[in-house]
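Data first, discussion second: the structure below is written as C-alpha cells.
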Amino acid sequence: MLKLMKLDWTAIKCYRIRCLLIPVALLVNGIFSTILMAPLGVFLLFSFSINFFAVEEQWNLNRLYLTLPVNRNRMVVGRYLLSLLLFLTGVLSGFALMPFANLFSFSRWYPDWKWRLALGAFCFLIYALMNLAMYPVLFKLGYQKGRIWGYYIPCILTGLIYLALVEYDIMTGGTFIRDALLYAAEHILTVSGGILLLGAAVWALSLCLSLRIYARREF
Amino acid sequence: MSNAIEVKGLCKSYPGFALKNISFSVPEGLCCGFVGPNGAGKSTTLRILSGQAFPDSGEARLLGRPCTDAALREEIAILFDQPYFQGDWTPVDIEKSLGPFYPSWNSGRYREYLARFGLEPGKKFKDFSRGMKQKLAMAVHLSHDTKVLLLDEPTGGLDPIARDELLDIFREYLLPENRTILFSTHITTDLERIADKIVYIHDGSIAYDGDREKLTDTYCVVRGWHLPAEKRAHAIGLRQTDSGYECLMDLTHIGGLPSDTVTEKASINDVIVYLERNAKSREV
C-alpha cells in the first residue's frame with residue numbers, strides 16, 4: 001500500500017510545487033476569517049488530489065499500474081489513504097497557521113480543543129462528501145470525462161447549498177445558524193462524534209463504490 | 001513441456017467486433033508470433049491476457065494461473081506499442097517507483113542495461129526517442145526475473161535499425177529455456193527472425209495455429225500469364241491483372257502449372273496477405 005501511495009505521489013512530480021501555494025491561500029483567507037482556514041485547507045488539498053487522476057490519464061499510467069503485481073483493490077485503497085493524508089495535512093495546516101492569521105485577521109478565533117475537534121469533524125464531513133462526489137466518478141470515467149460531474153458540479157452544488165443555508169438563515173431572522181451553533185456548543189462532543197461517524201460512513205460508502213467500479217473497468 | 005500461455009474458448013464482444021471462441025496455447029520456451037490484420041483481435045486478446053479487459057466467457061491462463069492473478073505479474077512483463085511512464089520521470093525515478101514492487105529486482109542489472117542501451121539515467125522519459133523508450137521498458141523488464149513477455153506491437157513506428165536492436169534484445173531474452181514470448185504484430189518480417197510458432201487471427205477467430213516453418217513450407221507464391229481453369233479452385237487470394245496473375249497455392253497443387261509459371265517460397269507476410277485477400281473476396 002505504501003509503495004502504491006509513493007508511486008502516486010511520484011507520478012505528480014510536476015504538480016507538487018503547487019502545494020506551496022496552499023499555505024499562502026490559507027493565510028490570505030485568514031485575513032478575513034480564521035475559522036474558515038481549516039475547511040479551506042481541506043478543500044484545496046483535496047482538489048489537489050484530482051491531479052492523481054489527471055496525470056494518470058495524461059500519461060496513460062493505468063496501463064502501467066495494471067502491469068504491476070498489485071490487485072486493483074489495493075490501488076483504490078492506496079489512493080484513498082493518500083487522499084486521507086492530504087485531508088489531515090489540510091486540517092493540520094489550517095490549525096497550525098491560525099495563530100499567525102489571528103495576528104492580522106478581521107475575524108479572530110481562539111478555540112479550545114473541543115471546538116477544534118468540532119471543526120475537524122466538520123472538515124472531515126466536507127472531505128467525505130467531496131470524496132463521495134468525486135472519486136467514484138473519476139475511477140469510472142477517468143479525469144477528462146469525470147471532472148465535470150466529479151468535481152465542478154459538486155463544487156457548484158456545494159456553493160449553492162451554502163448560499164441556500166445562508167438565505168434560510170436570513171429568512172428565519174438570523175437564528176437558524178446561531179441556534180445550531182448554540183446546540184452544538186452545549187453538546188459539542190456528541191455533535192462532533194456524530195459528524196465524525198457520518199463522515200466515516202460517507203467515506204466508507206465512497207470507497208466501496210470505487211472498489212466495485214474500478215474492479216470491472218476496462219482499458 | 002508445459003504451456004506458458006493458454007487461451008481456451010475466449011469470447012469478447014464489442015460493438016462491431018467480437019472475439020469468437022478463440023483457443024491456442026504457447027509452450028514454455030517458445031516465441032509465438034500472434035499475427036493478423038488491423039482489427040483482427042490481437043490487442044483485445046493481449047489486453048485480456050494482461051488483465052486490462054475481461055472476457056465474456058472462456059479463460060486465459062499464464063504459467064498455469066488465471067491471468068487476473070495480480071501476484072502473477074511478478075513473472076510477467078508486458079511491452080505495449082509504447083511504454084507508459086510519467087513523462088518527467090528519469091530512469092532513476094522509474095527504478096525508485098517500480099523496483100520496490102518486484103522482490104527479484106536487481107539494481108545492478110538495471111544500471112548495466114541502461115549503460116548498454118545508451119540510456120542516460122538523468123534524462124526525462126519524454127525526451128527519449130521512440131526506440132530508446134522501448135529499450136528503457138525492456139531494461140525494466142530484464143531487471144527482474146520474468147518468465148513470460150507479452151509484446152503488443154512493440155516495433156511499430158521504429159526505424160529498421162531500432163527494430164533490429166529491439167529484436168536482438170528479444171532474442172537475448174529467450175536464451176534461458178524457461179522464458180516465453182507472445183509477440184503480437186502485423187509486421188510479419190519481425191517474426192521471420194524470431195518466432196517458433198505462429199497463431200494467425202482473422203476477424204476474431206483463429207485461422208492458423210502451428211509451427212512457423214510448417215506455415216511457410218506449406219505454401220508458395222505462384223505468378224504467371226494464364227492460370228488454368230482446373231487450378232483456379234486451389235488459388236488462394238488470386239489477383240488477375242493485364243500482366244498476368246499471382247496467387248498463393250498449396251505446394252501439393254502446383255503440379256501441372258504452365259512452364260512459364262514462377263513459384264517462390266512464401267514468407268509469413270505472403271501467407272497472411274493472400275489469405276486475407278481470399279477471405280475478403282469470399283465476403284464480396
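Tell me, Kirkwood radius of chain B from alpha-carbon pair distances, in Å? Display every interim value, and only then the final one.
Numbers: mean 1/r = 0.0487 Å⁻¹.
Over chain B, the inverse of the mean reciprocal pair distance is 20.5 Å.
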GNM top mover of A:Phe52, A:Phe95, A:Phe106 - chain A, alpha-carbon springs below 10 Å: A:Phe106
Per-pair calculated FRET efficiency, R0 = 30 Å: A:Leu81 and A:Leu160 via Cβ, rounded to 0.05: 0.45
A:Arg108/B:Lys126 FRET efficiency (R0 51 Å; Cβ-Cβ; nearest 0.05): 0.60
Integer Hz, Karplus 6.51/-1.76/1.60 couplings in order for the range B:149-158, x for Gly and Pro: 10, 9, 10, 10, 6, x, 9, x, x, 8
Residue-by-residue Karplus 3J(HN,Hα) for the range A:189-201, coefficients 6.51, -1.76, 1.60, Hz, glycine and proline x: 5, 5, 5, 4, x, x, 5, 4, 5, 4, x, 5, 5
Positive-end extreme of charge dipole, the protein assembly as shown - chosen from B:Ile201, B:Met132, A:Leu189 (charges on Cβ): A:Leu189
Charge dipole magnitude, Cβ of K and R +1, D and E -1 - the range A:1-139, Cα centre, debye nearest 20: 300
Under the Karplus curve 6.51 cos²θ - 1.76 cosθ + 1.60, θ = phi - 60°, whole-Hz ³J(HN,Hα) for the range A:18-23, x wherever Gly or Pro sits: 5, 4, 5, 6, 5, x
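In peptide B:236-242, how many Cβ atoms from other protein chains are near each Cβ within 10 Å, on average? Intermediate results must be reported in sequence, preceding the final value.
Details: counts 0, 0, 0, 0, 0, 0, 0.
Taking all residues of B:236-242 together, the mean is 0.
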Over 29 Å (Cα to Cα) - which of B:Lys12/B:Lys197; B:Lys147/B:Lys214; A:Lys6/A:Lys145; A:Lys140/B:Lys126 fall in this group: none
Per-pair calculated FRET efficiency, R0 = 30 Å: A:Gln58 and B:Ala71 via Cβ, rounded to 0.05: 0.55
On Cα atoms only, tilt of B:268-283 relative to the major axis of chain B in degrees: 60
Per-residue average of Cβ from other chains inside 10 Å of B:93-105: 3
Virtual spin-label span in nm between A:Ile188 and B:Glu172, 7 Å along Cα→Cβ: 6.8
Average beta carbon contacts from partner chains per residue of B:82-92, 10 Å cutoff: 5
Part-to-part distance (alpha-carbon centres) for the range B:85-130 and the range B:16-56, which is given in Å: 29
Part-to-part distance (alpha-carbon centres) for the range B:174-199 and the range A:60-95, which is given in Å: 38
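None of the figures in this text is laboratory data; all of them are computed from the coordinates on show. Keep in mind it's a predicted model, so treat the numbers as computed, not measured. With ideal geometry, Cβ positions are generated from the backbone for all residues, glycine too; neighbour counts draw on all protein chains shown.
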